[in-house]
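J.: I'd like to ask some things about the structure below.
Each value in this text was obtained by applying a stated rule to the coordinates, not by laboratory testing. All of these numbers come straight from a predicted model, not from anything done at the bench. A quick note on method: Cβ atoms are made from the backbone with ideal geometry, for glycine too, and the neighbour counts reach across all protein chains shown.
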């Protein structure tokens, strides 16, 4: 067992972990933040996407011990019920989801994309979510949601 | 047209906020104190006799609480029909496909359970396997089940009119062999559940698309009455038919372990496990023969289907039924013969998937019709205008169409710029294609088929809505709430829909055959009307008018003739609930249809309540040097009667189209002696955002008389029309007809080489 | 496989802060049963699937700060430290400017989440025949700097791969950097990946070319091929065909045919040998033309978001 200190959604967590535990397992099973999902467990589906030290990563591919000293943001940390972030708001309004299983990862990838590039082209949006499978929506409404969020954010910035 | 307040509006999903916050709980998100983990041990052979299973080492591993094998289920098996119950929870006696479940472990954590499976020693005697349906049909092929001959799992025949006579009368007759691929639903949430067995019976929190199937399976398997089976439904990470419409080994084993240990037991499959072992779409060989007059009128169609069933029957008989019974739409077809054979092989089990049954035969018929039109020099659009059914219509096998927007859809597409590009750019590898399809909605079959709704009026005028219908992502909860709110004159937030709990919600057949909006919707409307009827009595008493005079709108009750006389809905609810000793207002309703003629053996009668129609354009760009192709654009002119929630309906159609695009250009399981060679999302190529076009949907409104608020199905029709539309576009781009799906880059490349060679030889 | 694992089996985790500590830790494991990793995007999935021998100890290089760099020295070339992520290479303006083939290849690996984590050195060490950066680095004449307790050595990349998923690293040796010499090609290098999907896919065939030309004559050319032999390879015959020749359509096609002939693809789930061979021909010609165009215009055909 190894003690790690990881900041999750702004809160410092001190946890004893086994080396074989993944960050995803720790987030879901120890911290009970079940937003990030395990779809494939091997870094393909993107449902477990979180932001670690400013970069999106598949949390299923990261050992919890590797997250020691890092800052992690999960879907639970990008917005709240009281205040959805613009991407979440746009997904609600433009139907950017169906079953909702890929949604936490999509929201995190979409949020990251707009942080890096507030006015992405359609192709850049497509690339920004290319690490996240969605089988329900065919991506059309997800892309439109992210476009809408970008639009809204830039409007907000100008006013 | 009546003006609705919530119906037809682009209202956000009722579960949208939960989902974007990551708050929506799926089966794998639950855990209980004292919970054990269940892990399945699977077969390393595709066909083998199980000689002995020694579980002693696994049992003695610290942390292991129980181990079970097939014999612990006492010979119980399940299946779609009494005579096809051939599938055990865990293999007994022999395994029939690679990675079939053989034994299971329950342990204090998943790591221990996984480790313990390695300690179970199974002695197998490998048997010769058969992996190709045409090989499996031959006399002398290895027998997979003892109860059938020549590995024939099921057969289904239809014979209407006189095809032989019609072929003789045809100006041209064409015969082709088509083939569809081995593909999978592709939901992202692997099957998962937590089971608890106690004095109250079985409770299962499970990722189930049709929980009432599992409820019956568990009752039968554990010999309990239905009122002791409680399936509680978390959010479901999509279904699309097949596995999540059925039970899996993990369900049975977890329940059994809970019964033995008294502790809750959880299992979660891995994606690789899903892609190796889960139900797939049937891959089929379709021998199609079509007869046509010079003017393009279709006179006859005869199709012989060889469907690979894999190792067990599952829902296969229904697949065979649908491949035939729905082929008589969307074109007038006076003579039709259909012979379908479902064949067992030692491959994973084939079952239902969105576009169930229809996608195969429609692909064949659609492409063949285009090939013949081409021979006759008739335009692809014109041949469809010529043959498209128009409402009202009754097919030769008595499928009745009351609304049909196909012709209007085709006209809409004909006027697009996309269609105008057809035939213009093949030198650059660009092509435009067209196809059409129909799909049943509100599936009606034999057995229990009614949906129900139970509305409980709260004293403040809000409503609790209980339904047995499952929203596995399609958005039905939202649409059902819209219907209740519309009918009661309430707002969306006044109606709270509960997820399925079989101990509380009324029985429902399940989410398949595009049935929820239509049938659960019909039940919801009736239940709301029931509430209105009861409340109207109280309002009428207050106002001293007849109950028929009372109307409900804008959260208020009115007197029809005196619209200024109104009272808030909440106030009326309070009056009703508190007057005298107090009323308890509950509305109930269930969907039903008459006992019209329906012949399962002959494919006669309506398999659905109503029928959607889709006309679709697809535009592709083919790299003529590499064969890599891409769908750049697609437009659906889609008749779903009336979209009750345009965002949902369009999203369903976007998803169905892209799933269809997957099976046309990208996806296919590559098999080697029963073993799946590409069981990962890297190698099984479901499209990503960078591979697909935006899907455009144009609604063709037809307001079906049998739909709630005119609605029909959405998304199963477009997964049927997408493959032929894309194949037609590939033809426009390359000059080549592709008759085998999927049309991979390599297939396109070799076909182009062959064409080049032939041109040279000429 | 008869059990589909979701969990990793137990192992010991070590994360040295510097190379000397690393050597010490390696010694501590007595040379057996350990595995060194950086990004983990290949190592962790393989361990989950119980693919290959499950290591008893995982040694994480990520705390060795001295390996985390991308350095470009004019006249010398590029050095990519073992910890430099695929993403940082794909987004580096310097690399886009001087080695567009490499930046392109890095941007084609997996998807963003993988690129954030994976390293170029890891992509090379994993030694998959389809590794995207390998053909690009071969075409750029890269070499691999290896280190062990005994010292350092530098191996030309073309000698680094010894077979599918096999490299020439000795026990106790790691890759510390990928070195790319100053390019005479400048913008005239490119990488073309053929795969059914645009993202999260493996190359059916990958071709990289690096070209220097004067007045339409090929001064120097290197062609790297991926997924068409047991290891990523150089198309030496094709290069020889073109070197010193006019960059005419005919000569380019001759070189492409030579490349198709000298590769040795096999049938796999991603494509038949015959298709792959044919694609080497198509893509080699395209790559040379694309490099030629870039040379003429002085611009690369693709640029990353950060470098626009």
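J.: Between A:59, A:20, A:109, where does the largest GNM mean-square fluctuation fall for chain A, given springs only between Cα atoms within less than 10 Å?
T.: Looking only at A:59, A:20, A:109, the biggest GNM fluctuation is shown by A:20.
J.: Would you mind ranking C:74, C:268 so that the residue whose beta carbon has the fewest other beta carbons within 10 Å leads the list?
T.: By the 10 Å Cβ count, ascending: C:74, C:268.
J.: Label-point separation (nm) for residue A:82 and residue B:159, each offset 7 Å from Cα along Cα-to-Cβ?
T.: Taking the simple label geometry, residue A:82 and residue B:159 are separated by 7.5 nm.
J.: Specify the inter-centroid distance of segment B:354-433 and segment B:458-531, based on alpha-carbon positions, in whole Å.
T.: Centre-to-centre (Cα) distance: 36 Å.
J.: Starting with the fewest neighbours, write out B:688, B:36 ranked by other beta-carbon atoms found within 10 Å of each beta-carbon.
T.: With the sparsest Cβ surroundings first, the list reads B:688, B:36.
J.: Let me check against my output: what whole-number percent is the relative contact order of chain C, with C-alpha pairs under 8 Å and at least 6 apart?
T.: Dividing the mean separation by the residue count of chain C yields 16 percent.
J.: Would you mind pulling out the separation of the Cα centroids of segment C:106-147 and segment A:108-159, in Å?
T.: 28 Å
J.: Right, next: Which FRET efficiency value, to the nearest 0.05, is calculated for residue B:593 and residue B:424 with the Förster distance at 45 angstrom and r the Cβ-Cβ distance?
T.: 0.40
J.: For chain B, what proportion of DSSP beta bridges, expressed in % and rounded to the nearest 5, is antiparallel?
T.: Counting DSSP beta bridges with both partners in chain B, the antiparallel share is about 75 percent.
J.: Let me ask something else about it. So if each residue of separation counts as 0.36 nm, and I subtract the Cα-Cα distance between residue B:672 and residue B:694, what length gain in nm does that give?
T.: Net length gain for the segment: 4.4 nm.
J.: Now a separate question. Using 1/(1 + (r/R0)^6) with R0 = 56 angstrom and r between the beta carbons of residue B:760 and residue A:53, what's the FRET efficiency to the nearest 0.05?
T.: It comes to 0.40.
J.: Take every DSSP beta bridge whose two residues both sit in the protein assembly as shown, then give the antiparallel share in percent to the nearest 5.
T.: In the protein assembly as shown, DSSP labels about 80 percent of beta bridges as antiparallel.
J.: Would you calculate the separation in nanometres between label points at residue C:53 and residue C:274, each defined as 7 Å from the Cα along the Cα-to-beta-carbon direction?
T.: So the label points at residue C:53 and residue C:274 sit 4.1 nm apart.
J.: Please figure out what share of the DSSP beta bridges in segment B:220-354 is antiparallel and state it in percent, rounded to the nearest 5.
T.: 45 percent
J.: Let me ask something else. If each residue of separation counts as 0.36 nm, what is the full-extension length gain between residue B:56 and residue B:109 once their alpha-carbon separation is subtracted?
T.: Between residue B:56 and residue B:109, full extension yields 17.2 nm more.
J.: Zone of residue B:504 (label point 7 Å along Cα→Cβ, backbone N under 18 Å): which residues in segment B:426-459?
T.: Zone members listed by number: B:452-459.
J.: While we're looking at this one, here's another question. Grab the beta carbon distance between residue C:214 and residue C:9, set R0 = 51 Å, and tell me the FRET efficiency rounded to 0.05.
T.: 0.30
J.: Which distance in nm do the two modelled labels at residue A:2 and residue B:149 give, with both placed 7 Å along the Cα-to-Cβ direction?
T.: It works out to 6.6 nm between the two label points.
J.: Kindly provide the helix-only [θ] at 222 nm of chain C, computed as the sum of -39,500 (n - 2.57) over DSSP H runs of four or more divided by all residues, to the nearest 500 deg cm²/dmol?
T.: Result for chain C: -9500 deg cm²/dmol, rounded to the nearest 500.
J.: I would also like to ask the following. Among C:277, B:49, rank each residue by its count of other Cβ atoms within 10 Å, from fewest to most, as a rough exposure measure.
T.: B:49, C:277
J.: Right, here's the next one. Once you have a ≥ b ≥ c as the square roots of the Cα gyration tensor eigenvalues for segment C:162-264, tell me rounded if a/c is under 1.5, and otherwise prolate or oblate according to whether a/b is larger than b/c.
T.: Verdict is prolate for segment C:162-264.
J.: Counting alpha carbon pairs within less than 8 Å and at least 6 residues apart, what relative contact order, in whole percent, applies to segment B:1-130?
T.: 36 percent
J.: Let me ask something else. Among rounded, prolate and oblate, which fits chain B when a ≥ b ≥ c are the square roots of the eigenvalues of its C-alpha gyration tensor, a/c under 1.5 means rounded, and a/b larger than b/c means prolate?
T.: Oblate.
J.: Find how many whole Å separate the alpha carbon centroid of segment C:218-264 from the alpha carbon centroid of segment B:170-188.
T.: Here the two parts' Cα centres lie 41 Å apart.
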